[in-house]
Every structure is written in structure tokens, then in C-alpha cells.
1. Here is a list of conditions, (1) within 21 Å of the chain's Cα centre (by Cα); (2) more than 22 Å from ALA83 (Cα to Cα); (3) not β-branched (Val, Ile, Thr); (4) not in a helix (DSSP H, G or I), and GLY22 meets all of them except one; can you say which number that is?
2. Working only within segment 122-153, note down all residues that are assigned to a strand (DSSP E or B) and within 22 Å of LYS268 (Cβ to Cβ).
3. Give all pairs with beta carbons closer than 6 Å in which a residue from segment 97-125 that is more than 22 Å from LEU314 (Cα to Cα) meets a residue that is part of a helix (DSSP H, G or I) and among the basic types (Lys, Arg); count only pairs at least 6 apart in sequence or on separate chains.
4. Of ASP307, ASP311, which residue is acidic (Asp, Glu), buried (at least 17 other Cβ atoms within 10 Å of the Cβ) and either assigned by TED's automatic domain parsing to the domain that holds ARG21 or not in a strand (DSSP E or B) (or both)?
5. How many residues are crowded, with 19+ Cβ neighbours inside 10 Å and in a strand (DSSP E or B) when one looks only at segment 1-19?
6. Being surrounded by 18 or more Cβ atoms within 10 Å (Cβ to Cβ), part of a loop (DSSP other than H, G, I, E, B) and over 24 Å from the mean Cα position of the chain (by Cα) is the filter here; which residues of segment 260-295 pass it?
7. One residue is enough: does segment 179-199 have a residue meeting the conditions modelled with pLDDT of 95 or more and assigned to a strand (DSSP E or B)?
8. Among (1) crowded, with 23+ Cβ neighbours inside 10 Å; (2) touching a helix residue (DSSP H, G or I) at 6+ places or on another chain (Cβ under 7 Å); (3) closer than 14 Å to VAL262 by Cα, which single condition is HIS185 missing?
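The values are calculated or read from the model by the stated rules, or taken from the named source; none is laboratory data. Everything numeric in this text was worked out from a predicted model, so none of it was measured. Neighbour counts are summed over all protein chains in view; Cβ atoms, including those assigned to glycine, are modelled from backbone coordinates with ideal geometry.
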Amino acid sequence: MTKNLRVGLIGAGSIAQSHMRGWEENKHAEVVAICDIKRKAREDTAKRWDVAKNALFDDCEKMLAKVELDVVDVCTPNASHRAPTIAGFEAGCHVLVEKPVAISADECRAMIKAGKEADRLLMVAQVLRFGVEGQTLRAWVDAGLVGDIYWGQCSCLCPRGVPSWGEFIDAQASGGGPCYDLGVHVLDLALYLMDFPEPVSVSGATYLGLADKPSLMKHDPAKYTVPEDMAAGFIRFANGATLSVQTSWALNVTEAATGHKVILCGDKAGLQYSPPTLIREENGMLINSVPQVPVDVPKDGFVAEIDAFVDAILKGEPSPVPGEQALITQRILDGIYASGAAGEEVKV
């Protein structure tokens, strides 16, 4: 079967393998070229997913010039999202880019502008939205069961989870630490369920308490150059709602505190993730409802994410995760760093 969309992968590291699984299972798209500055990464990925050896590149500009593509999938480190995204748009491609969208709101704005000028879709890979649990929570919101959400908290805490692989702890490559790489997941999910209210201000703090010291963690603390191993923020929105976020790679907490967690409270009910739970009054009691049969979506969020992007392209529909939403998330993340550095609340 001939597939409709030809995809070029830029960045062939660990997260790219999850994307490749999504592309492999999609009936309308296929990866026909791979770019990575590391030879082994591109060759190993090509072998694993049966991509032709003559379609491997060490430079995305060369790939875009030599291979006819419809879509570019950017899976590079955070600090190198902007350039290949804009290059993809200039080559006439739609672009899927890993989270966080960039390392500053200004970079995000430039990417949005390039996509609009090229009349192509920009989608940010916020995978928690597309899994069974995220879609179950969204279904409750859409059904009006939660009402107006006015308060929430979200967290992604690791006790000893500093990455010992990739370039996560290199400030030049990543731009930031767990605030960008972990906090973005739960923050996006919370904002998605809140329908992205306009943020007004952020009060944040960042801490480097453990990761720059020798410990039982497997990374080299001498190479740890990102600004934090724990970050926290409190966000005020124009509609009066508030949200707190906490995230860490290293923190002295129990295992029970770890994982992706979101709590949102509305005037009709509350939501909790994970597992997806609806909390509301029924028959004079406060009831926790957990679905036995959740919404019918692929269990693999990456597969569902790719399917949503391909469907939007082929049907001429809006991006499932548009740059404008990612810009709101990025403004908040940037605000946490700015507030932490200033020691006071900042406008965003």
C-alpha cells in the first residue's frame, strides 16, 4: 500500500523510537529519511525501522534539499527545536516537534510565525493528552461534568531520576532541567483540561540541592550544568483560576509522591490523574468514580498522537496541539525560571 505522507525524522535518540512506533502503525504515513548528527543513532534507528541506508543524513538542510517530504518530525534536544522546525516549514513541510516546544517564548513565536507563513501545521508532541487516561478526563470535561475549574495542582516528582543518558543535564543542549523536561507534561495536561486560560503571573523557585553532588545516582555530577534539579511554580490566570506545579529529577521524597499527577477542582466536580478519577456529590455523598471501561482510544499515546496529526493534515483540520497553546505553556515555564532568579512574582 502506498502511503500518503512522506516523513523525515530529525533526531534519532530515545524519544524518536516512540515516534517511529507511531509512524510505523499509521496507515497513511511513513518515515523515508532520518537525520542525526550521530552516525550510530541514525544507522541504528534506520536498521530497527527498515529505513533505506541511502536516506540517512547528518544535516537536516541536506535532507530537506535531497528528499521530497510532506512532514518533518523534530526529536532533537530542546535547544535545537527552533532551527529544524523553521527549516521544515521553509521546505513546505508540516512539522511535529517534541516537547517542550522550545527554550523560550520568543523561539516559540518564531516557529508559529514560520508555520503560518508556510501555511503548514505545527503540532507539539504532548503525549499525555492522547493516552486513554488523558482522553477519559477530557471526555468528562467536554460533558460538562466538572464545571468551571478554579484551582488545581500538578506534579511530576522523581526521588533519584537524573538522566544518565542523552543531553538532558547539559544546559547548552537542554536549556533547562526538569522544569522543561518533566514539568511540561503535567502542566500541559492541566492547561488542556482547563481550556488554556490566559496566564497573568507566575511565582516560582528553582533548587539545585542534590544533583550536583556525588550520590547513588548514575549521572556525572560534574557534567550537570542545567540550573535546577527541582522547580515549583504558582500561576494566576486572568479568569481568577490558580494552578501550582512541582517537578524534580532528584528530591528526598517517597515513591508514593512520584509519577505524573494532576488534580483539578471545578464547581461541579473534581478530576484526578492517575488513575482517571471523577470526584463529585451523589445522593448526599462524595463519590470517587473510576471507569472500568475507559474511552476507546489506542493505549499507546504516541500512536494516538501520530494518528491525530496525520488525520489533521489529510482532512485539512487545525493542529491537535497548536503552537499557540504551547506558547502559553512556554510562557509559564519561562516565568518559573525568571521568578526563581528574581526572587519575586513575575508577569507573563
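1. So GLY22 meets the others, but not (4).
2. Residues satisfying the conditions are ILE149, TYR150, TRP151, GLY152, GLN153.
3. Once the first residue is more than 22 Å from LEU314 (Cα to Cα) and sits in segment 97-125, its partners that are part of a helix (DSSP H, G or I) and among the basic types (Lys, Arg) give ALA102/ARG82; ALA105/ARG331; GLU107/ARG82.
4. Of the residues listed, the single one that is acidic (Asp, Glu), buried (at least 17 other Cβ atoms within 10 Å of the Cβ) and either assigned by TED's automatic domain parsing to the domain that holds ARG21 or not in a strand (DSSP E or B) (or both) is ASP307.
5. Selection size over segment 1-19: 5.
6. ALA269
7. yes
8. (1)
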